[in-house]
Amino acid sequence: MDQSVSIANVGLADGPRELNMILPQFSKLPRTVSRRSAELGPNHKRLILREASERYVVSTRLRDLAVVDRSPRGRQFIPHAHIISSIERTLIALRINPEEVDVEVKYGSYGAQMSLVVTLPGIFDFDPGQMDPFRLQIVFHNCLSRGGLRLLARWFQEDIGTIFSVGVSQLNASLAHRIPAREENILPTFRKAIELAREDSARLCQWITQDIKDIDFQRWVAGSVRRMWGRKGKQEVQTCFESGEEHQSVFDILINISGYSMKAKDILKQCDRVVEGAVLMRSLLKKVNN
């Protein structure tokens, strides 16, 4: 029996409330409409369904869903609908209009897996001035077979394909996302992400003008980067800076390793690389400052 399925990639312009209305239904899929369609009436929900091209083998058997509330090793699996409701309550508690957030979600494995990205309104953007602003996002990955709920706050810039962790500029900020999260962690995670994002914005602007000597950069790539990402990662990071210049800005180095994070095969691996990239940036700055 072929168990491979296509992931539905759903983007919503009307916020988290509508997500509860489109949790996986196996009898039918919602119709596809354009976000910019001028023919839709004012009360029509702006739902976009884009068929993703990637396919993967389902790892969770259908009968496992009968005990979806009891995941392996005693972990409690949080229903997707509960997470979505918690996100909406959190936004309201933080005085963020749920209608002003962008939401993108992928479901897989018969609905036992959900990857959801919440993009906060433009007021939370980081604008470096030399390129389009970076959007502040909270990533939720909820999966029965891969550790339950995980949370990660990140900066995202679509045009140049860059993501990096919120808190990357702060040596003592917690970046952990691997520990299975609980539903009650959603509000403090949002609040902490906003707090760290404000501090990031000031420090990242300093990184634009802060230079790293080429010899320090090369030592860092040959040591820390290779240990973290192996030869392939080392080569990709190094290739982008074969310009012969004596200095590189810290911000350019961040953008470079963030591009490598975008190449991960799935969103959970991508989150891993984002955190690893932040750890690498900390190791670089500690070496330079010591």
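Observations
- Summary value for segment 210-289: 36 percent relative contact order, contacts being C-alpha pairs under 8 angstrom separated by 6+ residues.
- Of K232/K286; K192/K269; K106/K286; K192/K232, pairs whose Cα-Cα distance is over 30 Å: K106/K286; K192/K232
- Subtracting the Cα-Cα distance of S145 and K269 from 0.36 nm times their residue separation leaves 43.2 nm of extension gain.
- With bins 10 Å wide beginning at 0, the percent of Cα pairs of segment 210-289 falling in each bin runs 19, 57, 21, 3.
- For L284, net neighbour charge (Lys/Arg +1, Asp/Glu -1) across residues whose Cβ lies under 10 Å away: +3
- Alpha carbon centroid spacing (whole Å) that separates segment 94-170 from segment 247-290: 17 Å
Quick note: the coordinates plus some simple rules give every number you see, no bench work behind them. On a predicted model such as this, the values are computed, not experimentally measured, just so you know. Positions of Cβ are backbone-derived with ideal geometry, glycine not excepted, and every protein chain shown enters the neighbour counts.
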